[in-house]
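Worksheet: one structure, shown below.
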Amino acid sequence: MITSLLDQVGSTLLFLQKILRTMMFKKLKVHEIFEQIWKVTVDSFPTTAMAGFFVGAIMTVQFAMQVKEFGALGYLGALATSATFREVGPLLIAFMLSGKVGAFTSAELGTMKVTEQIDAVRCLGADPIQEIIVPRFVGIIVSSFFLLAAGLMMSVFGGMLLGELFAGVNYEEYLRHVPLIVSPVSILSGLVKCGTFAVVLATICTYQGYSTTGGAKGVGRAVVATAVTTMICIVVMDWMTSFIGDIILTMVRGFRP
Amino acid sequence: MITLIAETLTGVFTPPFRRKEFFQQLHFVGNKSLFIVVFCVCFAAIVTILESSFHMKMVIQNDSMVPGFAAVLILRELGAIVTALLLSSRVGAGYASEVGSMQITEQVDALKMLGIDPVNYLVVPRFLACVLGGMMITIVANMACIFSAMAVSQFYLGYTPGMFLTSMQRFVDFKDLIFAMIKGACFGGVIPLVACYFGFRCQQGAEGVGRATTNTVVVSSIAIIVIDFILSYTFSYLY
């Protein structure tokens, strides 16, 4: 099991290297990239926005119950927003997106592979990585980053609405303490997480799609593998970004925040 | 979809009960997913406790209540939902591609020809296994969460397990564990229903299976988040 795991990790990294080399040394298909960005964004926006909205709502309901015990409802908005931005939001929305974008892309690429469309591209003398993979890779990174950021914005709205409905905190009060607690560092850490998750997602789903074998069943297997692998990698990356960010902050400020 | 749900629920109470299938599926849902779920959930718990210590220090300058808060957050929310999302991608996608391939290779029609009800044969054991497995795996995941949070707070924040447990006791009830179990069971029930629905509607070819799997993951994740919201809202009146 360990060997097969290492094998997977190694071939994914080799694939990533191949993509990056192609991106650097060969011409980018800018038109294709924009088409991909447009398609992915339009396709997944409603899902992401909805997930973000509900994540914000859930966090607010949970925090409201705890904060009420201390009579600190004024801090509800700030705490819920901060927690959603730094930690829960990127994680859950990225899970959502790995189901939507990741599974879709690997199914699409896997279908192209098993119906030999990728071999056809190679037969025509074009490089399939340059023609098919790179536009998707770049497109997914850019658009998932924007989608995750948009989901985070939606989570603020969800939190505001539930703060009003559930805890009786009106919008102004909800937002009052936000600038105090949600520092630029929090927003930055949320955005860094979004960026990391986007890269992880793009790499894994293109790799799994490109290495699909064995007909319709193989496509199903590739989709399952994509969903599971991305989720594991996202959780691990989440931990690593938090940890490394903490270390960097400590070094910059000279003390633990 | 509603027909499928109704048929499944009636199928639970009508013989033949397929015990062997049920245990096979339980093995798949429970044992084989356990490693991944526990692994991911532990990491999520570690990040949660680090981040919440960061917050508490910002708001009230001391973080003596961090373990309690983190434990509440883990038990009420994170443990159940992260587990369910992982299960939906692993188990749900697996079921959809399995049932989808059966559909396009006409094995489902073959079952019908033999006089076996495909819902009773395929969906009901999976449904029961997922409800039970989801419930159990949520509990195990929550326990693993608390343990890893305890370990990290020992090494990183300087709380001994004793302090952790004392602080946890002030916030956490036994009710929380029961509610987590209910959440796990509800999420577990959603996954096979969605997966089998899309699996049965799968169209011919590799593209169809891919699309069925994708749809399953998306719809079941959304359903889980929405159900989680509804359950959180309902339970908040019961504390």
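The values are calculated or read from the model by the stated rules, or taken from the named source; none is laboratory data. Values in this document were obtained by computation on a predicted structure and should not be read as measured data. Because the Cβ atoms are built from the backbone with ideal geometry, glycine has one as well, and the counts that use them run over all protein chains shown. These accessible areas exclude ligands, DNA and RNA; they are computed on the full protein's heavy atoms, side chains included. Shrake-Rupley method; radii C 1.70, N 1.55, O 1.52, S 1.80 Å.
Side notes on the structure shown:
- Across peptide B:200-211, the mean count of Cβ atoms from other chains lying within 10 Å of each residue's own Cβ comes to 6.
- For peptide B:79-85, the mean count of partner chain Cβ atoms within 10 Å of a residue's Cβ comes to 3.
- Around the Cα centre of segment A:1-111, unit charges on the Cβ atoms of Lys, Arg, Asp and Glu (plus for the first two, minus for the last two) sum to a dipole of about 380 debye.
- With Cα atoms as the point set, the radius of gyration and Dmax of segment A:128-257 evaluate to 19.4, 58 Å.
- Residue-averaged [θ]222 nm for chain B, counting only DSSP H segments that reach four residues, each worth -39500 (n - 2.57): -25500 deg cm²/dmol
- Under the convention that each Lys and Arg Cβ holds +1 and each Asp and Glu Cβ holds -1, the size of the dipole of the protein assembly as shown around its Cα centre is about 560 debye.
- Segment B:68-189, Cα convex hull volume normalised per residue, Å³: 88
- Cα-based equivalent ellipsoid, segment A:88-204: semi-axes from gyration tensor eigenvalues, Å: 41, 14, 9
- Peptide A:61-69 has a mean of 4 when you count, residue by residue, the C-beta atoms of other protein chains within 10 Å of its C-beta.
- For chain A: relative contact order, % (alpha-carbon pairs under 8 angstrom, 6 or more apart): 31
- Chain A: most fluctuating residue of A:180, A:91, A:76 per GNM, C-alpha cutoff 10 Å: A:180
- The convex hull of the Cα atoms of segment B:61-132, projected and averaged over all directions, covers 6.2 nm².
- Computed as a quarter of the hull surface, the mean projected area of the alpha carbon convex hull for segment A:1-101 stands at 10.3 nm².
- Applying 1/(1 + (r/R0)^6) with R0 = 25 Å to the Cβ-Cβ distance of residue A:199 and residue B:173 gives a FRET efficiency near 0.05.
- Dipole of the protein assembly as shown [Lys/Arg +1, Asp/Glu -1 at C-beta], most positive-end residue of B:15, B:187, B:102: B:102
- Taking every alpha-carbon pair in the protein assembly as shown and binning the separations at 20 Å intervals from zero gives 24, 55, 21, 1 percent.
- Theoretical gain in end-to-end length, residue A:18 to residue A:38 [0.36 nm per residue, Cα-Cα removed]: 4.7 nm
- An ellipsoid equivalent to segment A:176-219, defined through the eigenvalues of its Cα gyration tensor, has semi-axes of 40, 10, 4 Å when rounded to whole angstrom and sorted largest first.
- Spread over its residues, the convex hull of the C-alpha atoms of segment A:32-79 is 69 Å³ per residue.
- Taking 23 Å as the limit for the C-alpha separation, the pairs A:100/A:217; B:32/B:183; A:26/A:100; A:100/A:193 exceed it in the case of A:26/A:100.
- Surface share of carbon and sulfur [accessible, 1.4 angstrom probe, percent] for segment A:1-129: 68
- Packing-based ranking, highest mean first, of A:169-176, B:42-49 given that Cβ atoms within 10 Å are counted: B:42-49, A:169-176
- With a Förster radius of 60 Å applied to the beta-carbon distance between residue B:165 and residue A:31, the computed FRET efficiency rounds to 0.50.
- A full extension of the chain between residue A:119 and residue A:68 corresponds to an added length of 12.2 nm, given 0.36 nm per residue minus the alpha carbon distance.
- Protection-proxy order for peptides A:130-140, B:215-225, A:183-193, A:110-120, each taking the mean of Cβ atoms within 10 Å per residue, highest first: B:215-225, A:130-140, A:110-120, A:183-193
- Placing unit charges on each Cβ (+1 for Lys and Arg, -1 for Asp and Glu) gives segment A:67-210 a dipole about its Cα centre, and among A:203, A:88, A:160 the Cα reaching farthest toward its positive end belongs to A:88.
- Of the residues B:17, B:179, B:155, the one that moves most in a GNM of chain B with alpha-carbon contacts below 10 Å is B:155.
- For chain B, a Gaussian network of Cα nodes joined below 10 Å ranks B:77, B:98, B:207 by mean-square fluctuation, and the top entry is B:207.
- Within segment A:159-195, backbone nitrogen closer than 19 Å to the virtual label 7 Å beyond the Cα of residue A:252 toward Cβ: A:179-195
- Our summary of shape: the Cα atoms of chain B have principal axis extents of 69, 35, 29 Å, ordered from largest down, in whole angstrom.
- Whole-number Å³ per residue for the convex hull built on Cα positions in chain A: 158
- In this Cβ point-charge picture (+1 for Lys and Arg, -1 for Asp and Glu), chain B has a dipole of about 240 debye about its Cα centre.
- Between the residues A:144, A:1, B:136, the greatest Cα displacement towards the positive end of the dipole of the protein assembly as shown, with unit charges on the Cβ of Lys, Arg, Asp and Glu, is found for A:1.
- Helical content alone sets the calculated 222 nm signal of chain A at -27500 deg cm²/dmol, taking -39,500 (n - 2.57) per DSSP H segment of four or more residues and averaging over every residue.
- Across all C-alpha atoms in segment B:158-239, the radius of gyration and Dmax reach 19.0, 59 Å.
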